[in-house]
Every structure is written in structure tokens, then in C-alpha cells.
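Undergrad: The structure follows.
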Amino acid sequence: MKLSTKGRYGVLAMVELALQYGQGPISIKEIAEKQSFSDSYMEQLFSALKRAGLVKSIRGARGGYILARKPDQIIVGDIIRSLEGPIELAQCITGSDCEKSPECLTKELWIDVMDSINQVIDHRTLQDLLDGKEA
């Protein structure tokens, strides 16, 4: 499994917002410049983040985006899932039919791997990233 640029860039963009939390909105252009991302790609990401209720948009000449909640209330797993969808390593884990499921000897391994990933991303907030804390 490889996390796409959506998830990685989305977390980095949210960290930029967390660094500026309480100081007013930040434009997509500013975030894109700081992270060397394209503006149009950032717009796509922020559209999904807004739909997920993780960011709010502020209109006007000094508009931009702000976090919808405090950095310590935004979980990294929520950011990743809002951009990537559910984390799925194999069909057999997600309830989808798998013809090999009854005799699959590796199913428990994939469940453990997925649980480990979820444990990390669901127990780390933006504030934890700012503070350099581990889950």
C-alpha cells in the first residue's frame, strides 16, 4: 500500500493551517508556495477537506482557509480518509467477497497491518505533529 500525494499533501497543508491557527485565514496560494504544490491541486484537496468539515473557507480580499477545529481536535486519520477514502489493504478485510477467504492463511496478517496503521493515524492529532509527539 502506498499513500498517494492526496493524503501526504493534505496532511502537510493541514499542518500549515495548524501552524497559523488563530492568526486568520491563509490562502491556498500561500500554502502551495510554502509546500511547493500547485494551486489547482491544493484547491482539489481543500474542497474535500471542507466537505469533511475539517477546514472552513473565509471569503474576501484577505480570505482563505482556517481549521474548523483546534489542532488538538483534528485527527490525522480523518484528514487521510477524507482525501483517500478508507484504508484497505485487501478485499478480505473489508467485508468484500474474496474467493480465497475461507482458506486464506494471510488474512489475519493483513488485518494486523491495517489495525497498526489505523492505530497510528487515529491517535495522532495535528497538535501532536506540531509538538513532535508520537502516538
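Undergrad: Could you compute the net charge surrounding Lys56? Neighbours are other residues with a C-beta less than 10 Å from the C-beta of Lys56; K and R count +1, D and E count -1.
TA: With Lys, Arg at +1 and Asp, Glu at -1, the neighbours total +2.
Undergrad: Exposed loop trypsin sites (Lys or Arg not before Pro) only (DSSP loop, at most 11 other Cβ atoms within 10 Å): please give the longest stretch of the chain free of them, not including the sites.
TA: It works out to 63-132.
Undergrad: Take Val55, Val11 and order them by how many other Cβ atoms sit within 10 Å, fewest up front.
TA: Going from sparsest to densest Cβ surroundings: Val11, Val55.
Undergrad: Here are some pairs, Lys34/Lys56; Lys6/Lys50; Lys34/Lys70; which of them have Cα atoms lying more than 18 Å apart in this structure? Mind showing how you got there, number by number?
TA: Working: Lys34/Lys56 20 Å; Lys6/Lys50 14 Å; Lys34/Lys70 21 Å.
Table pairs above 18 Å Cα-Cα are Lys34/Lys56; Lys34/Lys70.
Undergrad: List the aspartates and glutamates whose Cα lies under 19 Å from the Cα of Lys107, skipping any in the same chain that are fewer than 8 positions away.
TA: Glu88, Asp97, Glu99, Asp115
Undergrad: Using alpha carbons only, how many degrees (0 to 90, rounded to 10) separate the axis of helix 107-121 from the longest principal axis of the chain?
TA: Here the helix axis deviates by roughly 20 degrees.
Undergrad: Only Cα pairs within less than 10 Å get springs; with that Gaussian network setup on the chain, which residue of Asp39, Asp115, Asp78 has the largest fluctuation?
TA: Asp115
Undergrad: Alpha carbon centre of region 25-53 versus region 104-132: separation in Å?
TA: Measuring centre to centre over Cα atoms gives 25 Å.
Undergrad: What stretch of the chain, leaving out the sites themselves, is the longest with no GluC sites (Glu not before Pro) in a DSSP loop having at most 10 other Cβ atoms within 10 Å? Each step should come with its number before you reach the end.
TA: Working: sites that count: Glu99, Glu134.
Result, exposed sites excluded: 1-98.
Undergrad: Need one number: nm distance between label points at Asp39 and Asp122, each 7 Å from Cα along Cα→Cβ, rounded to one decimal.
TA: Result for the modelled spin labels: 3.9 nm.
Undergrad: Determine the dipole magnitude for the chain: charges of +1 sit on the beta-carbon of Lys and Arg, -1 on that of Asp and Glu, nothing else is charged, the reference point is the Cα centre, and the result goes in debye to the nearest 20. Don't skip to the end; give the middle numbers.
TA: On the way: 17 positive and 19 negative charges, 159 e Å.
I would put it at about 760 debye.
Undergrad: Right, something else. Quick one: among Leu109, Leu19, Leu54, which has the greatest mean-square fluctuation in a GNM of the chain with alpha-carbon springs under 10 angstrom?
TA: Leu109
Undergrad: Now a separate question. What is the distance, in nm, between label points placed 7 Å from the Cα along the Cα-to-Cβ direction at Ile111 and at Glu88?
TA: 1.8
Undergrad: Give the relative contact order (percent, whole number) for the chain; include only Cα pairs under 8 Å separated by 6+ residues.
TA: Values: 152 pairs, mean separation 38.2, N = 135.
Contact order relative to length: 28 percent.
Each value in this text was obtained by applying a stated rule to the coordinates, not by laboratory testing. Nothing here was measured: the structure is a model prediction, and the numbers come from that model. Methodologically, a virtual Cβ is constructed for each residue, glycine included, from the backbone with ideal geometry; neighbour enumeration extends over all protein chains shown.
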